[in-house]
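Below: one structure, written as structure tokens.
The values are calculated or read from the model by the stated rules, or taken from the named source; none is laboratory data. Everything quoted here is computed from the prediction, not taken from an experiment. Heads up, the Cβs are rebuilt from the backbone with ideal geometry, glycines too, and the neighbour counts pull from every protein chain shown. Surface areas here come from the heavy atoms of the whole protein model, side chains and all, with no ligands, DNA or RNA. Shrake-Rupley method; radii C 1.70, N 1.55, O 1.52, S 1.80 Å.
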Protein chains: 2
Amino acid sequence: MNHEQYMRRALELAMEAQAEGDVPVGCVIVRNGEIVGEGRNRREERGDATAHAELEAIRDACARTGSWRLHGCTLYVTLEPCPMCAGGIINARIDRIYYGAGDEKAGCCGSVLNLFEERFNHHPRIYRGPLREECEAVLQKFFEALR
Amino acid sequence: MNHEQYMRRALELAMEAQAEGDVPVGCVIVRNGEIVGEGRNRREERGDATAHAELEAIRDACARTGSWRLHGCTLYVTLEPCPMCAGGIINARIDRIYYGAGDEKAGCCGSVLNLFEERFNHHPRIYRGPLREECEAVLQKFFEALR
């Protein structure tokens, strides 16, 4: 699988979140070409403020790999991570992030601030991911339907 | 119960974390004088990078109160929150934070940065909590024993 296919899978997870009444955000974590963690936003579904797609995927990857250290992993997420998720990515020692849509209200890859350039003990590399337009369109449609 | 008693309970939870081989950090969440959430660091115990005391307590409080919105809640934690936990506190709309020991390596109440003064959609009030010396001593002893 290539970058686009991983982000395509994250988009599928985003649509599952939407089907459950949540803001459509999906995330996959990959190590050595294999998906080792998946997550989707479940905040409304679970009534849990911490159930964002990235933290769900990190928890899944920790469980599947048997360690809280996700060295060598790449995370694909359809929306720019919020501070909680950016912090989780740092805590899990994830190497690389590819994100789709930007988030002007909470994004921590540069939109509000760049948490990965601050003085913490781990610095993942950040890339603007593939399928950016599709990631943006999914969120735009969701919020338009709410109005 | 008063501020000191809530922080005392957080310290008890920190000691439970230590007994399980984790860095001793504990956290309680209070609403209207009642403890509605408790958590301790379980990173090593569970092999989960997201299992910090604050996120565990937030998840517990969301489950117990039946909502991801923790308006009107105060969080007591023995160690200054990391970016992940500070972000979780913002996401959960917690009103106030009292923390014990400072964290020069990851603290987001001012030690590395102050995440609560950034342009996010919620701004909890931050207080340096009671029992600061005890909170510091617990961590200091733990790390000295590791050397």
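Do the conditions hold for B:T50, that is, is it over 29 Å from B:A145 (Cβ atoms) and of a type in the set (S, T, N, Q)? I'd like the intermediate steps shown before the answer.
Values: over 29 Å from B:A145 (Cβ atoms): no; of a type in the set (S, T, N, Q): yes.
The answer is no for B:T50.
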Legend entry - Any chance B:G102 is open to solvent by 10 Å² or more (accessible area, probe 1.4 Å) and over 15 Å from the mean Cα position of the chain (by Cα): no
Inset, instruction - Can you work out which of the residues in region B:49-70 that are more than 7 Å from chain A (Cβ to nearest Cβ) and not aliphatic (A, V, I, L, M) is most open to solvent (accessible area, probe 1.4 Å)? - result: B:R64
Legend entry - Any chance A:G33 is over 22 Å from B:W68 (Cα atoms), out of contact with any Pro (no Cβ under 7 Å at 6 or more places or on another chain) and open to solvent by 40 Å² or more (accessible area, probe 1.4 Å): yes
Inset, instruction - Assess whether A:A14 counts as being among the aliphatic types (A, V, I, L, M), in contact with a Pro (Cβ under 6 Å, 6 or more places away or on another chain), at pLDDT 95 or above and surrounded by 24 or more Cβ atoms within 10 Å (Cβ to Cβ). - result: yes
Inset, instruction - Tell me the helices (runs of 4 or more DSSP H) entirely within region B:1-96 that contain at least 1 residues that are acidic (D, E). - result: B:3-19, B:43-46, B:53-65
Legend entry - Pair list, Cβ < 6 Å and 6+ apart or interchain, from region A:76-91 residues that are aliphatic (A, V, I, L, M) to residues that are assigned to a helix (DSSP H, G or I): A:V77/A:E54; A:M84/B:M84; A:M84/B:G87; A:M84/B:G88; A:M84/B:N91; A:A86/A:L115
Inset, instruction - Would you confirm whether any residue within region A:114-127 is more than 14 Å from B:E118 (Cα to Cα), modelled with pLDDT of 95 or more, in contact with a strand residue (DSSP E or B) (Cβ under 7 Å, 6 or more places away or on another chain) and exposed (fewer than 15 other Cβ atoms within 10 Å of the Cβ)? - result: yes
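A quick yes/no check of all residues on (1) aromatic (F, W, Y); (2) in contact with a strand residue (DSSP E or B) (Cβ under 6 Å, 6 or more places away or on another chain):
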{"residue": "B:L55", "(1), (2)": "no, no"}
{"residue": "B:A63", "(1), (2)": "no, no"}
{"residue": "B:R69", "(1), (2)": "no, no"}
{"residue": "B:E80", "(1), (2)": "no, yes"}
{"residue": "B:Y98", "(1), (2)": "yes, yes"}
Inset, instruction - Would you point out the residue of region A:89-98, among those that are more than 8 Å from every other protein chain (Cβ to nearest Cβ) and open to solvent by less than 20 Å² (accessible area, probe 1.4 Å), that is farthest from A:Y6 (Cα to Cα)? - result: A:I89
Legend entry - Among (1) aliphatic (A, V, I, L, M); (2) buried (at least 22 other Cβ atoms within 10 Å of the Cβ); (3) modelled with pLDDT under 95, the one test that A:A86 misses: (3)
